[in-house]
Each structure stands twice: as C-alpha cells, then as structure tokens.
Amino acid sequence: MTLTGRVENMRSSGMLGQLIRFGIAGGVSTLIYSAVYLPLTLYVFERHHAVYAVPFAFAVAVTAGYFLHSRWSFKGHGARESGGTQQAKFVMVQASGMALNAVITWVGTALLGYPAWVPLLPAVALATIFTFILNRWLVFG
C-alpha cells in the first residue's frame, strides 16, 4: 500500500484526526511538564539528580493530559468506563511513559552529563509514541 493510501485509511478510520489532536494535546501537556520540570532542575535539584523532578512534573502534566485526551483527543472513540477504571488505566499508561521518560532523563543527565533540557527531546518523542498506542487501544479503545 502506498503512503497516500495509508494516510487515507488513517483519515477514514478517524485515527489521523486522533493522532493530530493527541499531538497538540501532548504538546500542551509537554509545555506544562516543562514548566514544572525545568525550574525544579535549575533551582531545586542538582544536574545529576534532575530525574527527581520527573514525578512532580508528571503529576501536574498527567492531570491536565487526562482532561485534554479524554475530552478532545479521543472524543467519540470507544466507550467511556464508569467509576475510576478509565482514569486508573490512563494514569498507568502515563506512568509507563513517565518511567520511560525518567530512564532517558537519568541516562542523559547522570550517566552522560548533559544539561537537564537535553533529554527532553528524545524522552518526549518516545513517550508520545508509546503512550498514544496504549491510550488508543487500552484506555480509550
């Protein structure tokens, strides 16, 4: 199948729109994450302990992210579960993304000695792909 055919299949299934909305909402969540993470790494934790800022930034970003993704990114996709089951799944998916982010942050800062902002790019890129797949099929599927 050609690239154009794949894009058309994604568009007709609704996945392309979800992916675009997920990217935008993820960008907003990333800005929120960075707004918490970067000041903590500059003023609270030393460079080789930058990973300690990850849980704080994660807690703020995941809260905003749930509302963005459930009400916009995946609006109209799948069923919504009553109670806290869906929220728990979302937090678990995001926690796995946070763990991936933390490992990349630790490797970049503690092992390789990069400034705290350097691991943000690969960490965010990999965690975005990983969490989109899990959210689409596990949380909002």
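Worth a mention:
- Relative contact order (%) - criterion: Cα under 8 Å, at least six apart; region: region 2-141: 28 percent
- Dipole magnitude for the chain: computed about the Cα centre from +1 point charges on Lys and Arg Cβ and -1 point charges on Asp and Glu Cβ, it is near 380 debye.
- Using a probe radius of 1.4 angstrom, the carbon and sulfur fraction of the accessible surface of the chain is 72%.
- Accessible surface computed residue by residue for the chain, with neighbouring protein chains in place and a 1.4 Å probe, gives 57 Å² per residue.
- Net +/- balance of residues flanking residue 68 in space, Cβ distance below 13 Å, scoring K and R +1, D and E -1: +3
- Degrees separating the helix 85-106 axis from the principal Cα axis of the chain, which is the longest one: 40 degrees
- Dipole of the chain computed with +1 at Lys/Arg Cβ and -1 at Asp/Glu Cβ about the Cα centre; of 72, 109, 12, farthest Cα towards the positive end is 12.
- HN-Hα J in Hz across region 7-21 - Karplus 6.51, -1.76, 1.60, θ = phi - 60°, x for Gly and Pro: 4, 5, 5, 5, 5, 5, 7, x, 5, 4, x, 4, 5, 5, 4
- A run of the chain free of exposed loop cleavage sites, with trypsin sites (Lys or Arg not before Pro) counted only in DSSP states other than H, G, I, E and B and at most 13 other beta carbons within 10 Å, reaches its longest extent at 1-74.
- On a per residue basis, the convex hull of the C-alpha atoms belonging to region 14-139 measures out at 85 Å³.
- Length-normalised contact order of region 94-141 in % [C-alpha pairs under 8 Å, at least 6 apart]: 40 percent
The values are calculated or read from the model by the stated rules, or taken from the named source; none is laboratory data. None of the values given here were measured: they were computed from a predicted structure. In this analysis, Cβ positions are derived from the backbone assuming ideal geometry, glycine residues included, and neighbour counts consider all displayed protein chains. Note: areas computed on protein heavy atoms with side chains; ligands, DNA, RNA excluded. Shrake-Rupley method; radii C 1.70, N 1.55, O 1.52, S 1.80 Å.
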